[in-house]
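Worksheet for the structure shown next.
What follows is calculated from the coordinates using simple rules that are stated; it is not laboratory data. These figures come from a predicted structure and were not determined experimentally. Cβ sites come from the backbone with ideal geometry, for glycine too, and all protein chains shown count toward neighbours.
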Amino acid sequence: MGENSANLAALIGSRICHDLISPIGAITNGLELLDMAGNVPGPELDLISDSVGNAGARIRFFRVAFGAAGDQLLGRPEVVAILDDLNRGGRLNMQWGPLDAQPRSLTRLAFLALQCLETATPYGGNAQVFCDRDDWTVTANATKLNIDEQLWSHLSSPQSDVNITPAQVQFALLPVVAAEIGRRIKVGFSETQVSIQF
């Protein structure tokens, strides 16, 4: 994937997320109006509410991970809110370490790294994002990891030949986006931990 392809993919991602967030917000507002009208809550409404909340969290996450980065900063409250909402419906519990606002481009790398870690922890686990000055580490711990070594080697050697499916697109995009801002991806494994550094 070349730089122009990555930029085009980011613009497409931004457009899709932008167009989907409005109807998701409308459904959320509709559920709130039903609640205010005094309708008796039931398992059906709870299911719809949970599903809409999860979809909205996913879209906000995808907007950062796959959308155009720009030069702006993302504050800790916004990032933590996205991850907290995502944690409610996911198996991987994600925690954001940086206390200060961070460039959207670096937050994007961290989100793509978190998506890579999700594939390695299909049974759940805990993930943390750390930033020490300008060095970033995204780590997942789990009792059972599922590592496709060829796929993971693509992160640090993107020229390697690997068949990437749509569910694994983050493995193709992460090294390209990192290279665009002068970063190189490093990965590390142990029996219960996998980490991505940039």
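Sort out for me the strands (runs of 3 or more DSSP E) sitting completely within the stretch 101-198 that have 2 or more residues that are surrounded by fewer than 18 Cβ atoms within 10 Å (Cβ to Cβ) and touching a helix residue (DSSP H, G or I) at 6+ places or on another chain (Cβ under 9 Å). Those strands (runs of 3 or more DSSP E) span 186-189. Remark: pairs (first residue in the stretch 82-104, free of Cβ contacts under 8 Å to residues at least 60 places away in the same chain and under 15 Å from Thr121 (Cα atoms); second residue charged (D, E, K, R) and in a helix (DSSP H, G or I); Cβ separation under 6 Å; 6+ apart in sequence or on different chains) = Leu92/Glu118.
Kindly evaluate Leu145 against the criterion of being farther than 24 Å from Ile12 by Cβ and of a type outside the set (Gly, Ala, Ser). For Leu145, the condition - farther than 24 Å from Ile12 by Cβ and of a type outside the set (Gly, Ala, Ser) - is met.
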